[in-house]
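A.B. asks: Quick one: the structure is below, and I'll ask about it shortly.
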């Protein structure tokens, strides 16, 4: 309804980044609605921050924290040519004392994560507890480093739990774009990494003003594949061997 009202007011285009559900465009089928991905920018910042990431399929995995992010995870994994894992909710209904109760258990579907770097990807990080629950499971099952990436990070319940998770070794870093408000406390945190989007926004505005094609910004697969090739070459040049593990999953604790 909001989209329809905006176009009724006379706007020409509605542009957003990484819409939670692209099907919202069906609400305004006769108008211009564009949602731009942020995957390439997130990956570029990740590789610049951690140049020792090995994109060998035996060393790196993309993981979706829930069923709603499966398509996003598939895109990341297919363009990087690495395996993918999925967390899903297993729901059981129990009848007790004349009432029905729902029990939900989060389960993981994927390959063995031992000695692998993991990138958890989603569009939105609200409280961050879902990410931490998934990261805790992965670390307890032998994963090396766990990175979290989201287009928008809200942290509606503060960042103390993230700070604790970082100190405990559960997460190595969180990546989110700078297109939403970030508190000074968050920006100064050693585990948080901004994904700059200013240059992309400038290119977008310039393209719109000159009626230029937006296909390069909408279709990021080729750019990500080139980025992945550069990262593999950089890793081979800088390291030439597998990194040494530096964690003990038995020492990890997190109170949520």
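The values are calculated or read from the model by the stated rules, or taken from the named source; none is laboratory data. This one's a predicted model, so the numbers in the text were calculated from it and none came from an experiment. Using ideal geometry, Cβ is built from the backbone for each residue, glycine included, and neighbour counts are taken over all protein chains shown.
A.B. asks: Would you mind stating whether residue 136 is surrounded by 18 or more Cβ atoms within 10 Å (Cβ to Cβ), in a helix (DSSP H, G or I) and touching a residue at least 40 places away in the same chain (Cβ under 8 Å)?
C.D. replies: On the way: surrounded by 18 or more Cβ atoms within 10 Å (Cβ to Cβ): yes; in a helix (DSSP H, G or I): yes; touching a residue at least 40 places away in the same chain (Cβ under 8 Å): yes.
Against the criterion (surrounded by 18 or more Cβ atoms within 10 Å (Cβ to Cβ), in a helix (DSSP H, G or I) and touching a residue at least 40 places away in the same chain (Cβ under 8 Å)), residue 136 qualifies.
A.B. asks: Go through (1) surrounded by 17 or more Cβ atoms within 10 Å (Cβ to Cβ); (2) within 29 Å of residue 32 (Cα to Cα); (3) in contact (Cβ under 8 Å) with a residue 40 or more places away in the chain and name the single condition residue 150 misses.
C.D. replies: For residue 150, the failing item is (3).
A.B. asks: I'd like the residue in the range 79-105 that is outside any strand (DSSP E or B) and without any contact (Cβ under 8 Å) to a residue 60 or more places away in the chain and, out of all such residues, is surrounded by the most Cβ atoms within 10 Å (Cβ to Cβ).
C.D. replies: Filtering first and then ranking leaves 82.
A.B. asks: What number of residues within the range 106-127 satisfy the criterion of being touching a residue at least 40 places away in the same chain (Cβ under 8 Å) and either farther than 11 Å from residue 63 by Cα or outside the structural domain of residue 172 (by TED's automatic domain parsing) (or both)?
C.D. replies: Qualifying residue count, the range 106-127: 5.
A.B. asks: Moving on to the next point. Would you point out which residue out of 19, 27, 39 is crowded, with 16+ Cβ neighbours inside 10 Å and either modelled with pLDDT under 80 or farther than 25 Å from residue 177 by Cβ (or both)? Break it down stepwise before answering.
C.D. replies: Working: 27 fails: crowded, with 16+ Cβ neighbours inside 10 Å; 39 fails: either modelled with pLDDT under 80 or farther than 25 Å from residue 177 by Cβ (or both).
When all the criteria are applied, what remains is 19.
A.B. asks: For residue 117, state whether it is under 23 Å from residue 220 (Cβ atoms) and modelled with pLDDT under 95. Reasoning before the result, please.
C.D. replies: On the way: under 23 Å from residue 220 (Cβ atoms): yes; modelled with pLDDT under 95: no.
It is false that residue 117 is under 23 Å from residue 220 (Cβ atoms) and modelled with pLDDT under 95.
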